[in-house]
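Read-outs throughout are calculated quantities, based only on the coordinates presented, and are distinct from any laboratory measurement. Model, not experiment: these values are computed from the prediction. We place every Cβ from the backbone using ideal geometry, glycine too, and count neighbours over all the protein chains shown.
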Amino acid sequence: MRYVVTSVPRAPASGPRARTHAALLQAAMELIRTGIMPSVAQVAARADVSRATAYRYFPSRSKLIAAVVDTSLGPVRTTASKHESARERVMELFDHTFPRFKEYETEMRAALQLALEHRAMERAGMLDEEPYRRGHRVKILAQALLPFENQIPKPLIRRLHKALSTIYGYEAYVVLKDIWNASDREVESTVRWMATALIDATLAEAKGRGADSMGQGDQGSDPVRGLTPGKQRRSIKGSDPMGLTPARKTKGVGPRTGSDPE
């Protein structure tokens, strides 16, 4: 099944509709901060508007939570980096995003909770509402990594993209906070260190391959299994180690549409 990230409903620009939209969002965030995963009906009651009106703005819990997360992380998603270096772009993302996780911790936990709940119910065939699906980080990281396109072989960029997506997200924050009881400063320094290590390892591997293998997915050693060119050619009759068919292997940086991970 094709994975589609939940879209954010468009907010009205001005006027009474914009005020109603803002009131509903504010009500949702207030309820979430009390420990409630609100329904659209509960948000309508809190905002003192009719259910019919609330559903016109947010037709499902998924759309509601998508809007809450977008409000929480808005500047991160909309600000374009001015850096020319991919490394600086990635570090800038971490520096801007993790403080927002701290500020909107309750909202981010609610979004993660709903995503996990919906995934479990969907797999059990019990989901009766639109599923909440995360994954905006995929596009955000793809933009940050664009300067690497002419420096690093595409399979290595793809692997780096996936690896960074596991730490550029709220999951890393939860692990370090809940399991390690890390301070906010420790969380930020740890994820920055991991991102730096991943980038350094990727650049070192690309340098070891040599310039003549750049942009060619079937030359040099395989990024995962270390196959020689001859062995690699024989191994790609089905799908390659990165989950792509040979025809799709050189089509760009971004991962499959099915990749998740805000």
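What spacing in nm lies between the two simple spin-label points modelled at LEU127 and THR196, each 7 Å away from Cα in the Cβ direction?
3.9 nm
Between THR53 and TYR3, what length comes free when the chain is fully extended (0.36 nm per residue of separation minus the Cα-Cα distance, one decimal in nm)?
Result for the pair: 15.1 nm of gain on full extension.
Taking 1 over the mean of 1/r across every pair of different Cα atoms in segment 11-59, what Kirkwood radius in Å do you get?
Evaluated over segment 11-59, this radius sits at 10.6 Å.
Among ALA11, THR34, VAL68, whose Cα sits farthest toward the positive end of the charge dipole of segment 8-71 (+1 at Cβ of Lys/Arg, -1 at Cβ of Asp/Glu, about the Cα centre)?
Positive-most Cα among the choices belongs to ALA11.
Cβ under 13 Å from SER7's Cβ, SER7 left aside: what net charge do those residues give with Lys, Arg +1 and Asp, Glu -1?
Local charge sum for SER7: +4.
Gap in Å between the Cα centre of segment 48-100 and the Cα centre of segment 9-44?
Segment 9-44 and segment 48-100 have Cα centres spaced 15 Å from each other.
Around ASP48, under 13 Å between beta carbons, what's the net of Lys plus Arg minus Asp minus Glu among the other residues?
+2
Contour minus end-to-end for ALA41 and GLN143, with contour as 0.36 nm per residue of separation and end-to-end as the Cα-Cα distance? Walk me through the intermediate numbers first.
Working: separation 102, 0.36 × 102 = 36.72 nm, distance 3.73 nm.
That pair, ALA41 and GLN143, stretches by 33.0 nm at full extension.
For GLU84, what charge total do you get from the other residues with a beta carbon under 14 Å from its beta carbon, if Lys and Arg give +1 and Asp and Glu give -1?
Neighbour charge sum, excluding GLU84 itself: 0.
Please state, as a whole number in µm²/s, the translational diffusion coefficient that the Stokes-Einstein equation yields for segment 36-176 at 20 °C and 1.002 mPa s, with Rh defined as the Kirkwood radius across alpha carbon pairs.
After rounding, the answer is 127 µm²/s.
Return the Rg/Rh value of segment 84-159, two decimal places, where both radii are evaluated on C-alpha atoms and Rh is the Kirkwood radius.
1.12
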